[in-house]
Structures are given as C-alpha cells and as structure tokens.
Amino acid sequence: MMSRERKKAAAAGLREKLQILRSITHSRALSDTSIILDASEYIKELKQKVVRLKQEIACEEAGGLNHNSSPTTVTVETLGHGFVVSVFSDKSGPGLLVSILEAFDELGLSVLEATASCADTFRLEAVGGENQVENVDQHVVKQAVLRAVRNCSEGGRQQE
C-alpha cells in the first residue's frame with residue numbers, strides 16, 4: 001500500500017513539474033513527450049539568443065575601440081515560417097529603417113513585430129513572417145538587409 005501511494009505522489013509531482021515546464025516554455029502541447037520536445041526547442045532558441053547577444057556585445061566593445069569605422073551587425077534566426085532579424089549599427093542615418101523595411105517587403109516578408117531605435121546608433125529587432133515567396137532562407141534575408149544598409153549609407157554619403 002505504501003509503495004502505491006508513493007508512486008501516486010511521485011506521478012502527481014512529475015505532472016505538476018511538466019505543467020510548470022509547459023507554462024514556462026509557452027507550450028500548447030498536451031502530451032508529456034510533446035511538452036518535453038517543446039522545452040528542448042525552447043532551450044535551443046535561448047542558446048541561439050545567447051550567442052547572438054554575445055556577438056552584439058563583442059561588436060559594441062569593438063566599436064567602442066575603433067570610432068573610425070561603422071560596423072553593422074545583422075543576425076537572422078529562423079522562427080517557424082518566419083525570421084527574427086536583429087540589426088545593429090553604431091551610426092544611424094536618415095532612411096535606414098525605411099530601407100530595411102523595403103528590403104523585407106521585396107522578399108515578401110511581413111513584419112509582425114518590431115522594435116527600433118534610431119537615435120545616435122541604429123538598432124532594429126524585427127519578427128517577420130514569410131508571406132508569398134518560397135526559397136527565402138536566413139542567408140537571403142541577411143544579404144538583403146546588408147544590401148539595404150549599404151545602399152542607404154552610400155546614398156547618405158552622396159547627399160553630404
């Protein structure tokens with residue numbers, strides 16, 4: 001009798017922990033296996049974010065040492081059928097945000113959510129969903145954003 005009660009208590013504790021894991025990872029799964037798989041995917045996404053943030057920190061530190069150049073960092077992560085795009089440049093210029101958003105539009109990507117700062121530096125974090133065009137991968141998105149940044153900065157130099 002005692003072992004049956006222990007098993008029941010252990011199962012209840014495990015179930016409670018799985019529900020906590022489910023809520024933390026924003027999983028909608030119902031089965032235990034699916035909850036664990038969603039948690040594993042969530043951990044992978046968090047690891048990618050850590051790598052990206054470390055790259056941004058390194059870029060900012062390098063930018064602080066060398067004021068003559070204007071490095072631009074673009075990272076693109078795949079997110080389901082869309083992308084998370086992060087852009088950082090230590091110089092902001094007129095039309096840069098518009099230029100990047102036009103590049104998204106040309107690729108057939110809709111911006112679902114974005115945060116931008118265009119004061120002294122330029123920072124953009126955008127979540128885009130793939131709309132119309134197939135064969136758009138993270139490399140294509142990154143190249144399009146870099147091209148938009150380059151075209152905008154070249155246009156700004158020609159106007160000066």
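The single condition among (1) at pLDDT 85 or above; (2) open to solvent by less than 80 Å² (accessible area, probe 1.4 Å); (3) assigned by the TED database to the domain that holds GLN143 that TYR42 does not meet is (3). Checking GLU113 against (1) crowded, with 19+ Cβ neighbours inside 10 Å; (2) at pLDDT 85 or above, only one condition comes out false. Which one? Unmet for GLU113, out of (1) crowded, with 19+ Cβ neighbours inside 10 Å; (2) at pLDDT 85 or above: (1).
Reported count of residues in the range 109-124, each being part of a strand (DSSP E or B) and either over 16 Å from SER153 (Cβ atoms) or out of contact with any helix residue (DSSP H, G or I) (no Cβ under 7 Å at 6 or more places or on another chain) (or both), is 10. Taking residues in the range 16-40 that are part of a loop (DSSP other than H, G, I, E, B), and partners anywhere that are charged (D, E, K, R), the pairs with Cβ atoms closer than 6 Å and at least 6 places apart or on different chains are THR25/ASP38; SER27/ASP38; ALA29/ASP38.
The values are calculated or read from the model by the stated rules, or taken from the named source; none is laboratory data. The structure presented is a predicted model; accordingly, all values stated were derived computationally and were not measured. Quick reminder, even Gly has a Cβ in these numbers, built from the backbone with ideal geometry, and neighbours come from all protein chains shown. Quick note on the areas: whole protein, heavy atoms, side chains included, nothing else; ligands and nucleic acids left out. Shrake-Rupley method; radii C 1.70, N 1.55, O 1.52, S 1.80 Å.
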